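Input: a single structure, listed below in structure tokens.
The values are calculated or read from the model by the stated rules, or taken from the named source; none is laboratory data. Small disclaimer: the values here were computed from a predicted structure and weren't measured. Heads up, the Cβs are rebuilt from the backbone with ideal geometry, glycines too, and the neighbour counts pull from every protein chain shown. With ligands, DNA and RNA removed, areas are computed over all heavy atoms of the protein, side chains included. Shrake-Rupley method; radii C 1.70, N 1.55, O 1.52, S 1.80 Å.
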Amino acid sequence: MIKLVGQRLLAMVPLLLIVSILTFSFTALLPSDPVDLIIGDRGSNEQHEQVRERLGLNDPFVTRYLDWLGRAVQGDLGTSFFNSVRVTDAVLLRMPATLSLTFASVLISVVVGLGAGVAAALRPRSWIDRLATFGATIGQAIPNFWFGLILASVFAVTLRWFPATGYVPLGENPLGWLLSITLPALALGLSTSAALARQVRSAMVGVLQQDYIRAARAQGLSSRRVIFRHALKNALVPVVTVLSFQITVLLGGALIVEQVYAINGIGSLAIAAVRQQDIPMIQGIVLILVLVVMGVQLATDIVYGLINPKARPA
Amino acid sequence: MTDPLLQIEDLTVTYGGRSLLGLKTRGVDAVKGANLTIRPGETLGLVGESGSGKSSIANTLLGLVPASSGRMMFDGTDLAQMKDGYPDVVRRKIQAVFQDPYSSLNPSMTVEQIVTEPLKIHATMTRADRRARAAELLRMVNLPETHLPRYPNEFSGGQRQRIAIAAALALQPKLIVLDEPVSALDVSTQNQIINLLYERRDATGMSYLLIAHDLALVHHISDRIAVMYLGHIVEEGPADRVYHQPAHPYTRALLDAVPLLDPERQRARRAARRAAPPTDLPRIAVQGCPYRHRCPRAIDRCRSESPRALAVPGGGTAECHLLEPSGTTPPAQQTTPGAKGPASNTPPRKEPA
């Protein structure tokens, strides 16, 4: 297992390099000049040149990239073009909101998806199964931002159970944090749980037909033990793979749902950075998000190895 | 004679037949009025084509499928009455080994966990005792103790089946249901597993219900053989008698399905089989003999009247009108010579009683 983790960590290095080169190239290829946005139309040519020089935009592409890379390795992702905020600080400041939202929605997705999937698989073609399949279809069809708006208008505006907008940091007020995150997490998590429920159902139905389930029942194991210890553990093998993709999708979805609930997370930071062509900021956000996704995939691989002996390196 | 360990009387197993939106759907009888007896230390071979109800009997006996009617007296308790699963005292006396060792072992459990799981549920043992017992069980099935921490995917089919047998032996059951235990294995491995099963039975005095479709194998290992067709037990008796002197036309057809070594005889037999009525006939016989559609010797009476189980000379019973003293010639005399398995050497012909 340690060997596996080591291998994965090593494999991340070239991947991160490729991602950084790609984002660096894309931002360098942009047709418009960020300097125009910074000083506006009124600036003289000299001012223009001064700013370019100060931001290092006159250096050749390779020099700029290596320069940036050298500092990024030390944890310094540069400074925003528009204010003197350091990119690392800005991203880390916004990260907790986005990650809370992502992981709360992962939790909802897993609980609802597993519950519905297992319930459906235990009684195929029953009303529970039909309801779960119907719900999954609806859940997959509804866009999460629209669902978010509906939830907000019903539970925040009409019923006033939850705040309609804003984010309360966990450290400040745990209850406020929970309330502020419930609706956006539901909007994200429920639509993702649909795909998960389908996956769980089909994996579970497949496993329940295996002879080792019959053997376990014949040995006199309780249904609970058969379902949770024998069936679910094996059904989770394909589910974990799907879940790792889903977490990535949820992270992307969080950036959008943040807008609906006016949560100051990575989403609004990224949108502002793109609009202003704040190249260091875009770079930094992409790199950190890629790191998070890689972390999730590493965790998935570890969990996968734990539940599936075949995936373990010999 | 010793008391039977298991006595199945008039057992019927019906699938489906639930009421749906007020409409009653008629279920399918997978087993109809079956009678079987297994004595302690005895092996009963149950044969028949797929869909004949062999596995339904196994599943019912294991408490996986409820019995619709009838009795299953096992060691003093009627299992057919226990609709909500068996109590642990009964459960630990009946264990099972299934056909496909690739699907019958949980891939996420180690050999030790698989073998000791029955002990965890049914016996109060310390961890160390369980581990010692697991090692002992592996030795019984000729596997080294070092396999205990390994996972099923690291083993071959034969080794996996040994592990499955070790798990079935864990609680020292009185009866093991062997549902096609070797048909998924290659021939050289089959022999090892059969010998292992023999050895374990002789060492412990337990009984086997062996379900298989290979009559030669069943004859080899069983004391008695029961033949099933469409949910009915059409013939039952001592293994040698059933194998060498089949009384029911269906048993004969099963034996004829074993290919002969002599190509001339095999050709002649194939020609005879082609001349026989097609086998794709309605499978639901409401009245009359269930085999009458395929039987080459069916008479008018077979259409109207269900045959009773009649005693066969040499032991056992068969459900065939042709065995009645007043009936027409018994089937054994009408069949072509040499139409038996390769092991049969001109067996004595059975005379009409």
(message) Roughly how far apart, in whole Å, are the Cα centres of region A:20-38 and region B:96-136?
(response) 63
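Ignoring any ligand, DNA or RNA, what whole percent of the accessible area of chain A comes from carbon and sulfur when the probe is 1.4 angstrom? Kindly include the intermediate steps, with their values, before the conclusion.
Working: 10820 of 16370 Å².
Result for chain A: 66 percent of the exposed heavy-atom area is carbon or sulfur.
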(request) Can you grab the distance from the C-alpha centre of region A:189-208 to the C-alpha centre of region A:76-142, Å, no decimals? (result) 15
(request) With N denoting the number of residues in region A:19-158, provide Rg(C-alpha) divided by 2.2 N^0.38 Å, to two decimal places. (result) 1.71
(request) Could you list the trypsin sites (Lys or Arg not before Pro) in region A:172-261 that lie in coil according to DSSP, counting only those with at most 14 other Cβ atoms within 10 Å of their Cβ? (result) none
(message) Please give me the summed charge of the neighbours of A:Pro124: other residues whose Cβ is under 12 Å from its Cβ, Lys and Arg +1, Asp and Glu -1.
(response) +3
(request) Please give the total accessible area that chains B and A bury against each other, computed with a 1.4 Å probe and expressed in Å² to the nearest 100. (result) 2000
(message) Cα atoms only: what Rg and Dmax, in Å, come out for region B:35-153?
(response) 16.8, 47
(request) List the cysteines in the protein assembly as shown whose Cβ has no other cysteine Cβ under 4.7 Å from it. (result) B:Cys295, B:Cys320
(request) Can you check how the C-alpha radius of gyration of the protein assembly as shown compares to 2.2 N^0.38 Å, as a plain ratio? (result) 1.37
(request) With +1 on each Lys and Arg Cβ and -1 on each Asp and Glu Cβ, and nothing else charged, work out how big the dipole of region B:6-222 is about its Cα centre, in Debye to the nearest 20. (result) 520
(request) Could you state the orientation-averaged shadow area of the convex hull built on the Cα atoms of region A:2-87, in nm² to one decimal? (result) 6.9
(request) Could you do me a favour and compute the accessible area per residue for chain A, 1.4 Å probe, result in Å²? (result) 52
(message) Strictly greater than 13 Å: what percent of every Cα pair in region A:174-242 meets that?
(response) 69
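Quote the charge dipole size of the protein assembly as shown about the Cα centre in Debye, to the nearest 20; the model charges only the Cβ of Lys and Arg (+1) and of Asp and Glu (-1).
1680
Using DSSP to define loop residues, name the trypsin sites (Lys or Arg not before Pro) in region A:1-67 whose beta-carbon has at most 12 other beta-carbon atoms within 10 Å.
On the way: sites: A:Lys3, A:Arg8, A:Arg42, A:Arg52, A:Arg54, A:Arg64; in loops: A:Arg42.
Counting only loop positions with at most 12 other Cβ atoms within 10 Å, the trypsin sites (Lys or Arg not before Pro) in region A:1-67 are A:Arg42.
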(request) State the volume of the convex hull built on the alpha-carbon positions of region B:6-222, expressed per residue in Å³ and rounded to an integer. (result) 137
(request) Find the centroid of the Cα atoms in region B:150-183 and in region B:216-272, then give the distance between the two in whole Å. (result) 28
(request) Work out the FRET efficiency for A:Lys310 and B:Ala203 from their Cβ-Cβ distance, taking R0 = 30 Å, and round it to the nearest 0.05. (result) 0.30
(request) Given the peptides B:212-219, B:225-232, arrange them by the average over their residues of other C-beta atoms within 10 Å, most packed first. (result) B:225-232, B:212-219
(message) Counting only protein heavy atoms, probe 1.4 Å: which residues of region B:116-152 lose 40 Å² or more of accessible surface in the full assembly compared with their chain by itself?
(response) B:Glu117, B:Ile121, B:Tyr151
(request) Mind jotting down the three principal axis lengths of region A:180-314 based on Cα atoms? Whole angstrom, largest first. (result) 66, 38, 20
(request) Consider just the alpha-carbon atoms of region B:165-240 and return their Rg together with their Dmax, both in angstrom. (result) 12.9, 36
(message) Given a 1.4 angstrom probe, what's the average accessible area per residue across region B:6-222, in square angstrom?
(response) 41
